[in-house]
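First comes the structure, then the notes that go with it.
Please treat every number below as a calculation from the coordinates, not as lab data. Because the structure is a prediction, the values reported are computed rather than measured. Neighbour counts are summed over all protein chains in view; Cβ atoms, including those assigned to glycine, are modelled from backbone coordinates with ideal geometry.
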Amino acid sequence: MAESETTQRPADPGVDAAEPAAAAPGGAPRRRPRIRWYWWVVAAVSVVVMAGGVATVASVVSMNENAPRVAVARYLEALVHGTVSRALALTGTTTSESDVLLTDKAYAKAARHISGFTLAAPTVKGGTATVRATIKQAAHTYTQTFALTRTGQDFVVFDHWKLRPVALTRVAIAFDGPEQLPFTIAGQPLQSGPDVELRAFPGTYDVHPAFTDTMLGAPTFSVTAIGFGGAKPQPAAVSIGLTNDGEKAANQAVNDYLDTCAASTDMVPDGCPFHAVSGDGITIDSVEWSIVTRPEFTIGEWAQAGYAVVSTKLGAAQMTGTAHDGKGNSGEVGTPDIPFPVIGTVRFDGATAIYSQLVK
């Protein structure tokens with residue numbers, strides 16, 4: 001009798017073969033498998049879903065914790081890349097016509113502005129948060145704390161933060177000279193004055209004279225804003241001085257003033273540094289003045305109303321005339337040397353120098 005060949009298959013892991021199959025009608029055996037594998041699949045899927053849920057929650061928490069830092073980073077990155085218009089928009093800061101430095105065009109001409117930064121973990125209290133930044137600006141490293149307000153949520157769970165307006169620092173210039181002279185700062189128009197202050201982002205801004213007056217001159221200089229906010233800035237003092245032509249014109253104006261005084265026929269020339277008086281009952285006419293010695297003087301810096309003129313050596317004048325005593329008697333009279341100073345100011349109307357005597 002020939003042997004029969006038997007093929008064995010691996011047991012189906014989803015079928016329990018321990019229980020013998022019942023006999024089917026006609027004598028053929030019948031198996032009834034017990035299917036239990038799907039419970040493992042359901043359990044595995046449940047674990048995966050739960051793990052995904054944990055990962056999602058962790059991701060949301062991480063994003064919410066870092067959202068204030070992201071808002072601050074966007075602000076500082078805008079300054080690093082020179083787009084101050086974006087920085088202003090991120091904080092809702094409004095500007096006026098006087099804010100000539102708060103433009104992309106002006107900031108593009110600034111030097112030594114923010115080049116890098118690092119951010120600490122935010123401190124969140126309810127609907128507010130603060131982020132401390134360490135900022136690099138040229139040779140300076142300083143810290144700045146930024147405040148934020150939670151303004152809502154995206155997709156129910158993602159917090160949205162907005163930077164509060166950042167107090168900007170100011171640059172200040174004290175022009176020592178005539179007012180309303182044209183200058184430029186970072187290529188933007190500026191007029192001279194005793195106390196000029198401008199809001200500015202961190203950086204160094206060059207200032208150039210823009211007037212073509214040959215009588216006056218001023219140096220090119222720069223002002224630097226470091227950091228944000230802070231106390232009232234120390235102004236950069238800038239002197240608008242006289243050129244060589246200006247000094248010559250000022251000297252000539254003083255001498256022209258003295259010549260006008262000497263041409264007077266009055267005993268008390270109006271606005272002049274010398275005069276004479278007559279005795280009781282005496283009248284004097286045919287008055288003539290002469291300057292015996294011209295004073296020596298210096299022309300200094302701007303002094304509110306003009307460039308200061310101060311005598312270093314007194315001058316001297318004399319007067320001559322005809323005296324009358326009212327009784328028909330008359331005769332020639334004269335004075336000894338009358339010492340006098342020149343103390344006043346010189347100002348300019350265009351290219352014309354005008355001297356004003358203060359001590360009369």
Query raised in the report: What fraction of the Cα pairs in the range 44-239, stated in percent, has a spacing above 26 angstrom?
Result: 45 percent
Report task. Lys and Arg at +1, Asp and Glu at -1: add these up for the other residues within a Cβ distance under 15 Å of Thr91 and post the number. Result -> +3
Requested in this report: Using Cα centres only, tell me the gap between the range 137-201 and the range 266-327 in whole Å.
Outcome: 56 Å
Report task. Please give the contour-minus-distance gain from Ser239 to His160: 0.36 nm per residue of separation, less the Cα-Cα distance, rounded to one decimal in nm. Result -> 23.4 nm
Query raised in the report: When N counts the residues of the range 244-357, how does its alpha-carbon radius of gyration compare numerically with 2.2 N^0.38 Å, as a ratio?
Result: 1.26
Report summary line: Simple SL model, points at 7 angstrom along Cα→Cβ for Thr123 and Glu179; separation in nm is 4.5 nm
Query - Extension reserve of the Thr83-Ser96 stretch, reckoned as 0.36 nm per residue once the Cα distance is removed - result: 2.9 nm
Query raised in the report: Spin-label point model (7 Å from Cα, Cβ direction): what's the Lys232 to Thr312 distance in nm?
Result: 3.7 nm
Report summary line: Plugging the Cβ-Cβ distance of Ile354 and His324 into 1/(1 + (r/R0)^6) at R0 = 41 Å yields, to the nearest 0.05, a FRET efficiency of 0.60
Report summary line: Under the Karplus relation with 6.51, -1.76 and 1.60 and θ = phi - 60°, whole-Hz ³J(HN,Hα) for the range 307-322, x at Gly and Pro, equal 7, 5, 10, 9, 5, 9, 8, 5, x, 9, 10, 10, 10, 10, x, 10
Report summary line: The relative contact order of the range 159-250, taking Cα pairs under 8 Å that sit 6 or more residues apart, comes to a percentage of 34 percent
Requested in this report: Can you tell me how much longer the chain between Thr149 and Thr260 gets when fully stretched, taken as 0.36 nm per residue apart minus their C-alpha distance, in nm with one decimal?
Outcome: 32.7 nm
Report summary line: Between the residues Thr128, Phe211, Leu181, the Cα farthest towards the positive end of the dipole of the range 122-214, that dipole coming from +1 and -1 charges on the beta-carbon of Lys, Arg, Asp and Glu, is from Thr128
Query - Modelled FRET efficiency - R0 45 Å, Ala303 with Lys105, Cβ distances, 0.05 increments - result: 0.75
Query raised in the report: Suppose R0 equals 30 Å; then what is the FRET efficiency for Lys248 and His208 from their Cβ-Cβ distance, rounded to the nearest 0.05?
Result: 0.75
